[in-house]
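First comes the structure, then the notes that go with it.
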Amino acid sequence: MGSDWTDRVRLRHLRFLLSLARTRNLSHSASALHTTQPALSKWLKDLEADIGLTLFDRHARGLTPTPHGQALIDHARRIEAQLDRAAADMKILSEGGAGHVALGASGVAATEAGPLSVLEMTARMPGLRIDLVEGSMDLLLGQLAQGDLDIVLGRTVDVPEDLPSFNTEVLYTEPVDLVVQCRHPLLSQPRLDWADVLRYQWIVWPKGSPIRKAVEDALAVAGYRMPANYIESNSVIANVTLLNNSEVIGVASHRSALILSGMNMLRILPLALQGTGSVSLYWRRNERLPKSVEQALDCIRWVIGHGKGKA
């Protein structure tokens, strides 16, 4: 097989490319990289000639990545993230640790499954360094694609077309609950119907999120729509604080609602919603997994199975 342009790419070239992506300016990047503008300009022209594609459009205000350039920049970012992770892993291993796992958890998993999985990982791998990152699924999947996360645990979603495909494993499906503070007036009513709960302000997850869709579908089945004066929030902590300091009605996945109810942080209203949502594992495809990540996946599966058995 003949030589191609990738044989001539070095790590410093990836840094050149990423610097140009950040600054959009040859002069600024040359200064930051301790080289000259002509040398950097020649390197970029040579790279484009090697690839046979224009990577940046030149204009008076600087540079703009072309679609081909953006694709290569995305690859460079993933490589840089993997190298950073490799350096961190080597440091941890040299200090006697058991490796490093970065777990992303969306709101539905951040209350119970994510933290309990971390505890199981620490029990099985005492020297493991663990990063637990909470966020929305779109942000977490982006971080997974870039290599900043090893695993994402959260709502089952359609992966955006601009991201690579991932290994996906559905872990469980559960109903959605309406939740309130422990002293809410509705808890004293012998019987509830939709007219009762729709008199109050609601806290809901952002539009487009799986749990929001489940709630909207359940309301539609019952012949109702979301109250007009709802509060939109994607923070579990903020939602719990709002619930405990007002008479608003919140929405939570069943497992999260059970654990928060057990901690006397909220109560589940006895009004069944018809909507359900599933929770899945995501990890990068076509990649040899470190043993620590394989064990982390097993820990999550065990915790989910154990939790389902308890519930």
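Here the chain is treated with +1 on each Lys and Arg Cβ and -1 on each Asp and Glu Cβ, and its dipole about the Cα centre works out to around 420 debye.
Mean Kyte-Doolittle of at least -1.0 and a Cα length of 24 Å or more along the axis: which whole DSSP H helices of the chain meet both? Those that pass (Cα extent of 24 Å or more, hydropathy at least -1.0) are 67-94, 291-310. The loop-placed GluC sites (Glu not before Pro) in segment 237-301, going by DSSP, that have at most 14 neighbouring Cβ atoms within 10 Å of their Cβ come out as Glu247, Glu287.
Charges on Cβ only, +1 for Lys and Arg, -1 for Asp and Glu, centred on the Cα centroid of the chain; of Val303, Leu219, Leu140, which one is farthest towards the dipole's positive end? Toward the positive end, the furthest listed residue is Leu140.
Within the straight-line cut-off of under 16 Å between alpha carbons, the aspartates and glutamates reachable from Lys213 are Asp138, Asp158, Glu174, Asp177, Glu232, sequence neighbours fewer than 8 places apart in one chain being disregarded.
Taking 0.36 nm per residue of sequence separation and removing the Cα-Cα distance, the Leu198/Lys213 pair yields an extension gain of 3.7 nm.
For segment 183-265, the normalised intensity computed at q = 0.26 Å⁻¹ comes to -1.61 (log10 of I(q)/I(0), Debye sum over alpha carbons, equal scatterers, no solvent). The gain in end-to-end length when the Arg191 to Met263 segment is fully stretched comes to 23.5 nm, 0.36 nm per residue minus the alpha carbon separation. Given q = 0.07, 0.08, 0.15 Å⁻¹, what are the Debye log10 I(q)/I(0) values for the chain, with equal point scatterers placed on the Cα positions and solvent ignored? Values returned for q = 0.07, 0.08, 0.15 Å⁻¹ are -0.40, -0.50, -1.13.
GNM remark for the chain: springs join alpha carbons under 10 Å apart, and the peak mean-square fluctuation among Arg199, Arg301, Arg255 falls on Arg199.
Normalised by the number of residues in segment 109-267, the mean separation of alpha-carbon contacts (under 8 Å, six or more apart) gives a relative contact order of 29 percent.
Computed from the coordinates by the stated procedures, all read-outs in this text should not be read as laboratory data. Please read all numbers here as calculations on a predicted model, not as lab measurements. Here the Cβ is made from the backbone with ideal geometry for all residues, glycine too, and neighbour counts use every protein chain on show.
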